[in-house]
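K.L.:
Sharing a structure below in structure tokens format, with a few things to ask.
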Amino acid sequence: MPYIENRDAWFQGQGLWPDTPASDWRDWTWQLKNRITTLEQIERHMVLTPEERAGCLFANQKLALAITPYFFNLIDRDDPDCPIRKQLIPRVGETQVSQEEMLDSLGEDEHSPVPGLVHRYPDRVLFLVTDRCAAYCRYCTRSRLVSNAQHYDFHPEYEQALRYIESHPEVRDVLLSGGDPLLLSDKKLEHLISRLRAIKHVEFIRIGSRIPVFLPQRITPALCDIFKKYGPVWMSIHVNHPKECTQELKDACERLAFAGVPLGNQSVLLKGVNDDPEVMKALVHRLLRMRVRPYYIYQMDLITGGAHFKVDVRKGIEIIKALRGHTTGYAVPQYVIDAPGGGGKVPINPDYLEKITDDEVVFRNFEGKQFRYPLKSTPVAKPAEAARELVGDTLID
Ligand SMILES: *Cc1c(COP(=O)(O)O)cnc(C)c1O
Ligand code: SF4
């Protein structure tokens, strides 16, 4: 069922919460307090399939169930195949663990010099600052620690992590993630960002957050002021499907962009959600309209109970092929597999290159037409004379 984009519809409104005062609705703390977290609450609003029902009963042993009212409104309650529904409502498939799956599929714990810090690449670190999110994605890479449903008891050591970064001059890039860093209070965030900004060798600060998508109300003027004050702070948001691109998200992105925050997007390729070139094209077009540059499409990591979301890598390549050349270059993200066990992100690209020798490169364009680019220079018959004609006598002899 291909997704047909209604290019001008940006969903907005209070949906199932029509009587909530607008001032509450727009208050992020109200949204958090009123999250849907139990089977009973969901069933007050919709009929679940047996697979979903069983998934909900089991959810709290794996990854907590939580959905903000704002985001719950985006679920199509009449369609079990709704792409929002699949991302947020647990299904029994989560309980089916396959042999190749791992709790810590990226080997993050092994590359962790300090609790909460992952130093895998030479020049940058991943700084996990919390284990909480505004809502929980059923395919989460860090479900081992996020939401603490598996009793990982994650305790980031901010001071130790900051000291590690201070004493490692090779670290020029710090990525705050989690969990969701924007769930921290303004005060804590300002403390972290200002401390990082004060470190001379830290050139690049960025935040990975799904808060603009789950809880756009959190992007307050006060928060934006922090980014302005200590900027540039870059942000990667996480949108998987065009339905998530609402008026509220668009407004939140605008507030961030106007505070000087360059925005990128990371999507995870998910079966039945966005494993379709038409859906991805609609998504990347919407992202550009919201000032967001598509950054990565991830092949899903080998998380436990994730098999029902798994997409064939050939499908991912087909999606990139359907984008590159067919639409704005800015709209084309890089497809990557984060190497299992901890090898880092590896780009996976369609094969445009057919042959490369000392003489030439043979390649195909987006339409499949073949082209050649010579690598060897073949001089014309009388080089000196030809050059004289071009540049005149004075320059040559
Ligand atoms: C993804 C990731 C980064 C950032 O990688 P970029 O390609 O620079 O976006 C850094 N550290 C770890 C451990 C990561 O997983
Ligand atoms: S927002 Fe990110 S960290 Fe949180 S549950 Fe979703 S994927 Fe995991």
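A short reminder: the numbers here are calculations on the coordinates, not readings from a lab. Note that this is a predicted model, so its numbers are computed, not measured. As a convention, Cβ positions derive from the backbone with ideal geometry for all residues, glycine included, and neighbour counts pool all protein chains shown.
K.L.:
Which order do T378, T49 fall in if you start with the one that has the fewest other Cβ atoms within 10 Å?
P.N.:
Values: T378 6, T49 13.
The order, fewest Cβ neighbours first, is T378, T49.
K.L.:
Within a 10 angstrom radius of the beta carbon, how do K321, K188 rank from fewest other beta carbons to most? Intermediate results must be reported in sequence, preceding the final value.
P.N.:
On the way: K321 17, K188 14.
Ascending number of Cβ neighbours within 10 Å: K188, K321.
K.L.:
Also, quick follow-up: Using per-residue counts of other Cβ atoms within 10 Å, averaged over each peptide, order 219-230, 303-314, 259-270 from highest down. The partial results should precede the final answer.
P.N.:
On the way: 219-230: 16.4, 303-314: 18.3, 259-270: 20.3.
Peptide ranking by packing, descending: 259-270, 303-314, 219-230.
K.L.:
Give the total of Lys-Lys pairs in the stretch 109-347 with Cα-Cα distances below 18 Å; include a pair only if its members are 8 or more places apart or on different chains.
P.N.:
14
K.L.:
Hey, another quick one. Classify the chain as rounded, prolate or oblate, taking a ≥ b ≥ c as the square roots of the eigenvalues of its Cα gyration tensor: rounded when a/c is under 1.5, otherwise prolate if a/b is larger than b/c and oblate if not. Kindly include the intermediate steps, with their values, before the conclusion.
P.N.:
Values: a/c = 1.81, a/b = 1.54, b/c = 1.18.
It is prolate, given that a/c is not under 1.5 and a/b is the larger ratio.
K.L.:
Could I ask something else about it? Give the cross-link partners of K369 among the aspartates and glutamates, using a straight C-alpha distance below 15 Å as the criterion and excluding same-chain residues fewer than 8 apart.
P.N.:
Once the sequence-local aspartates and glutamates are set aside, what remains near K369 is D351, E354.
K.L.:
In the stretch 238-397, if the dipole is taken from +1 on Lys/Arg beta carbons and -1 on Asp/Glu beta carbons about the Cα centre, which of T304, P347, G264 is farthest to the positive end?
P.N.:
Of the candidates, T304 comes out farthest on the positive side.
K.L.:
So, with +1 on the Cβ of K and R and -1 on the Cβ of D and E, and no other charges, what is the size of the charge dipole of the chain about its Cα centre, to the nearest 20 debye?
P.N.:
Details: 51 positive and 54 negative charges, 128 e Å.
With only Lys, Arg, Asp and Glu charged at Cβ, the dipole is about 620 debye.
K.L.:
Would you mind ranking H168, H238 so that the residue whose beta carbon has the fewest other beta carbons within 10 Å leads the list?
P.N.:
Values: H168 16, H238 21.
The most exposed by this proxy come first: H168, H238.
K.L.:
Using a Cα-Cα cut-off of under 15 Å, which aspartates and glutamates could be cross-linked to K62, ignoring same-chain neighbours fewer than 8 residues away?
P.N.:
E52, E94, E101, D104, D131, D153
K.L.:
Cβ neighbours within 10 Å, averaged per peptide: list 271-279, 67-75 in order, most packed at the top.
P.N.:
Numbers: 271-279: 19.2, 67-75: 23.2.
Put in order of decreasing packing, that is 67-75, 271-279.
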